[in-house]
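Taking it in order: structure first as structure tokens, then the write-up.
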Amino acid sequence: MSFEVSTGTRGARQPRGPLMRLVNRLLAGRIRRKGSFGGGNALVLTTVGRKSGEERESPLAWFPGEDGSWLVVASAGGAPKNPGWYHNLAAHPDQVWIELDGRRIPVTAEQLAGAEREQAWKQITAASAQFAKYQEATDRELPVIRLVAV
């Protein structure tokens, strides 16, 4: 697994702080109960903090990948920097799991590149135009991550 950590020079303001932590906690609970939010597929990604070593939960939209994998985008709402969960994946790739449909599934993560990323990106933006808007907001290429059950 190789993660290309790129930072942009422009982008939307990345949501953070106590209010965002509360929103994430509420969304994670809803996803655990219903399996979705905003009309799309959603999962709870759990990583281990690269600095703290503590478990961190992130509610994310997901898209179907090949062979039953899940595709997620490190969009951070179009911010110039990648979200914290992306850096946690890179730091602790062997300590990652998702919660989906009432199950806790250990996964491995791989950042897609080249033609493989391009194909996945077309699928994602066709399913959710919001991700195309996030890409327009920043000059960094939004990472597409494939999660595969271990």
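Of the residues making up the stretch 96-115, those that are outside any helix (DSSP H, G or I) and under 23 Å from Arg140 (Cα atoms) number 5. One residue alone among Gly84, Gly114, Gly102 is farther than 16 Å from Gly40 by Cα and without any contact (Cβ under 8 Å) to a residue 24 or more places away in the chain, and that residue is Gly114.
Just checking, how many residues over the stretch 24-38 are under 16 Å from the mean Cα position of the chain (by Cα) and either exposed (fewer than 14 other Cβ atoms within 10 Å of the Cβ) or small (Gly, Ala, Ser) (or both)? Final tally of qualifying residues: 5. Once the stretch 87-102 is narrowed to residues that are of a type in the set (D, E, K, R) and at pLDDT below 95, the residue that is surrounded by the most Cβ atoms within 10 Å (Cβ to Cβ) is Asp94.
Could we say that Pro93 is in contact (Cβ under 8 Å) with a residue 12 or more places away in the chain and assigned to a loop (DSSP other than H, G, I, E, B) here? Judged against the criteria, Pro93 is a match. Screening Gly78 on (1) under 18 Å from Gly40 (Cβ atoms); (2) buried (at least 21 other Cβ atoms within 10 Å of the Cβ); (3) of a type outside the set (A, V, I, L, M, F, W, C); (4) touching a strand residue (DSSP E or B) at 6+ places or on another chain (Cβ under 8 Å) shows it passes everything except condition (4). Which residues, counting only those in the stretch 110-136, are in contact with a Ser or Thr (Cβ under 9 Å, 6 or more places away or on another chain) and of a type in the set (A, V, I, L, M)? If the condition is that a residue be in contact with a Ser or Thr (Cβ under 9 Å, 6 or more places away or on another chain) and of a type in the set (A, V, I, L, M), then Ala113, Ala132 are the ones that fit. Residue count for the stretch 107-127 under the criterion of being closer than 16 Å to Gly77 by Cβ and either acidic (Asp, Glu) or surrounded by 18 or more Cβ atoms within 10 Å (Cβ to Cβ) (or both): the result is 1.
The set of residues in the stretch 15-59 being within 15 Å of His87 (Cα to Cα), touching a residue at least 24 places away in the same chain (Cβ under 8 Å) and of a type outside the set (Val, Ile, Thr) consists of Leu45, Gly49, Arg50, Arg56, Glu57, Ser58.
The values are calculated or read from the model by the stated rules, or taken from the named source; none is laboratory data. The model shown is predicted, which means the values in this text are computed figures rather than measured ones. Virtual Cβ from ideal backbone geometry, glycine too; neighbours counted across all protein chains shown.
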